[in-house]
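Reviewing the structure listed below.
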Amino acid sequence: MVLLSSDLYSREYRVSPEDIWEEMRNDHPLFYDDIGKMWWLTRYDDVKNVFSDHETFSSSTYDLTTGQVVGPTLISRDDYGHVVRRSIVAPDFVGKRLQTYEHLILECAENLIREFSSSSNVSLVREFSSQLPVDVISAILGMEGDGDLFRSWVTDMIMGLSGSDELREKGLDANAAFCTHIAPLLDGVDNPGRNDHIAKIARAEVDGHRLTREEITAFCGLLFIAGGETTDKAIANMWWNVLSDFDIRDAVLDDISLWDNAFTETMRRTPAVISEDRFVTKPIELYGREIVEGERIRACLGAA
């Protein structure tokens, strides 16, 4: 079977890409997509190398996506500045420190469930998974109860990444309104009584560096449009994986400890993010093909 670039944009690929990924791994580990004007990598070692070799594969591709709406953020940097800024914003979202937000997550989840608990038919995506991440992020940032307001802005900000000039302008307007709304929270951050995430990252210092007000607002916008979007899709994928298989559904209902396994397996089999793009910073050779500086590489996590 001859693989065509159009196969990567077909309905069959969108519905079930696994067969095409297998063909790419086996026969086309490096594939040039002449529609998207990029190279695809699908084997595990190649994908891993893309994410570990920051000198050769640059994440500045994000300047053309999220950067067009929320401005420069840490994810588009490859230098030591990325390490510094990640060290400031990330610690509260991993390990035991994340547990400090557990009560907020539970409260947000319970509030959503309460709204549909008496209904006989429920859309878990529309009424739960699409709303929970924004509600939780709002609460973590110190703006609990602002979920509905943020949802309207986040939707426009995400649509602004589509490449349409009109939608980008709408996304920029939404981001401006978002920044204006959170601006008061950037004052008084040195008050030790404040434990919201905005205050924490504003006070944090690594190697003598602190985030500017612009970097804080850009990070908060990124948290909503990237973190919220991927969490929404991950939860929705878990619902599908569990509820579409009666044996799995019955197993997790009988033993709720299996929900952790269900979510972990969802992230492995059907991740919310299936690929990421990088720019090549210097000429390289892969599988006997020369890739020149400035070309785009798509590292396919889902295939790897």
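Tabulated values for the structure
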| read-out | value |
| --- | --- |
| Sum of -39500 (n - 2.57) over DSSP H runs of 4+, divided by residues of the chain (222 nm, nearest 500) | -14500 deg cm²/dmol |
| Straight-distance crosslink candidates among lysines, where the alpha carbon sits under 24 Å from K48 and sequence neighbours closer than 8 are dropped | K37, K233, K282 |
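None of the figures in this text is laboratory data; all of them are computed from the coordinates on show. Just so you know, these numbers come straight off a predicted model, no measurement behind them.
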